[in-house]
Structures are given as C-alpha cells and as structure tokens.
Amino acid sequence: MKTPQAHNFSRSPVEEVYGSCTTSSGRKSAITVLAPYPGWSTIRNDLSSMIKKISDPVVTSCTLRYTDRFHPFSLDDVSGPLFLGSMSCGKIHSRIEKRTEDLFLMKTNIPDSTASVRFITGGSIGQGSTLIFTISSTKKRLVNDKILTWFDAAHDDIHDLFDICVPEELISTLK
C-alpha cells in the first residue's frame with residue numbers, strides 16, 4: 001500500500017488521536033495526542049515507545065482513532081455529497097436535518113481489521129460537526145511483530161477515508 005501524501009492543512013481538524021493495544025492478559029496500553037496535530041511521525045514515535053513498554057508476549061487487538069472537528073460552516077457552501085466508503089450518504093445538510101449522529105462500518109485494506117466512521121453534528125446548525133475514524137485489529141499479534149506496521153497501515157486507511165468522506169468545500173477551508 002502506498003502511503004498517502006500528508007494533507008499539510010494550515011488549520012488541522014484533528015482534535016484527538018488515540019492509539020491502543022490490548023494484551024491477552026487484558027492489559028491495555030494507550031496514547032492520546034490532543035490538538036494541535038503534531039503530524040504522523042510524532043504520533044508514530046509515541047506508538048513505538050508504547051509498544052516497546054508492553055511486557056505481555058501477545059497483543060490481541062490494536063485500535064487507531066482520529067477525531068476530527070469541523071467548526072461551524074454554511075451548509076449552503078457544501079454542494080457535493082458526503083461519501084462514506086462505497087455508500088453515498090447524500091448531501092451533508094440532509095443528514096444534519098434528519099439526524100445528529102450516524103455510524104458507518106466499512107471494509108479496510110488491512111487484513112483482520114475493521115473500520116468505522118462516526119458522523120456527529122452539534123445538534124443544531126452552527127455548532128459544527130465531528131468525524132471519528134476508527135480502525136481496529138481483530139488478530140492476535142506478537143509484541144513488536146509488525147504492530148507498528150499495522151498502525152502505519154491504519155493511519156494510511158484513515159487518511160484515505162478522510163479524503164473519501166470530507167467534501168472538497170470543507171477541505172478548502174482547512175488549507
């Protein structure tokens with residue numbers, strides 16, 4: 001899989017990045033990185049340090065989650081549909097008028113992993129919207145046995161999902 005080019009937004013929508021591993025003994029190791037977004041290389045280094053500290057020999061699951069917050073915007077400025085995976089979800093304003101939260105489960109390019117995107121609005125127009133991208137593994141892995149590689153692949157898939165889900169009109173406000 002080819003690593004996508006960084007967005008390099010001047011105003012990153014990333015509010016939080018969360019990464020975790022759970023071991024066969026039920027112990028969880030996790031990192032949380034809050035805004036401002038420091039870039040993937042910094043987060044990757046934090047994940048690498050976390051993985052090195054895991055003492056249990058078997059990791060049963062890993063999760064990477066990005067929470068992106070989009071501040072209030074004019075719905076009239078968003079003409080394109082919001083696409084989630086291969087499913088067209090209609091125009092953003094039709095989703096906001098009908099619901100305040102939607103969850104979409106999707107295939108991921110990573111074997112034995114699942115992806116989801118949660119779309120949450122502030123409940124009323126003008127409060128902004130949040131997209132939460134989550135990828136979780138379901139396969140047991142040995143500690144340090146390609147766990148960091150899994151996080152790299154999860155990051156790349158989340159990047160691709162962002163590009164699919166977020167209309168160009170919103171992306172242009174972040175540049």
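The values are calculated or read from the model by the stated rules, or taken from the named source; none is laboratory data. None of these values were measured; they are calculated from a predicted model. Neighbour counts run over all protein chains shown; Cβ positions are idealised from the backbone, glycine included.
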*Examine the range 10-33 for a residue that is at pLDDT below 95, among the polar types (S, T, N, Q) and within 21 Å of Val117 (Cβ to Cβ), and state whether such a residue exists.*
yes
Looking across the range 109-139 at residues that are at pLDDT below 80 and among the β-branched types (Val, Ile, Thr), the single one that is farthest from Cys62 (Cα to Cα) is Ile125
Next on the checklist: I'd like to know if the range 42-55 contains one or more residues that are assigned to a strand (DSSP E or B), farther than 14 Å from Ile147 by Cα and modelled with pLDDT of 90 or more.
Outcome noted: no
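Just one of Leu82, Leu105, Leu142, Leu75 is modelled with pLDDT under 85, under 17 Å from the mean Cα position of the chain (by Cα) and surrounded by fewer than 18 Cβ atoms within 10 Å (Cβ to Cβ); which is it?
Leu105
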Filtering the range 145-175 for residues that are at pLDDT 85 or above, more than 21 Å from Met106 (Cα to Cα) and either part of a loop (DSSP other than H, G, I, E, B) or within 10 Å of the chain's Cα centre (by Cα) (or both) leaves a count of 1
Contact list, first residue from the range 126-145 and closer than 13 Å to Phe162 by Cα, second anywhere and hydroxyl-bearing (Ser, Thr, Tyr) and outside any strand (DSSP E or B), beta-carbon distance below 9 Å, six or more apart or interchain, is Ile135/Thr108
Those residues of the range 22-52 that are touching a Cys at 6+ places or on another chain (Cβ under 8 Å) and charged (D, E, K, R) come to a total of 1
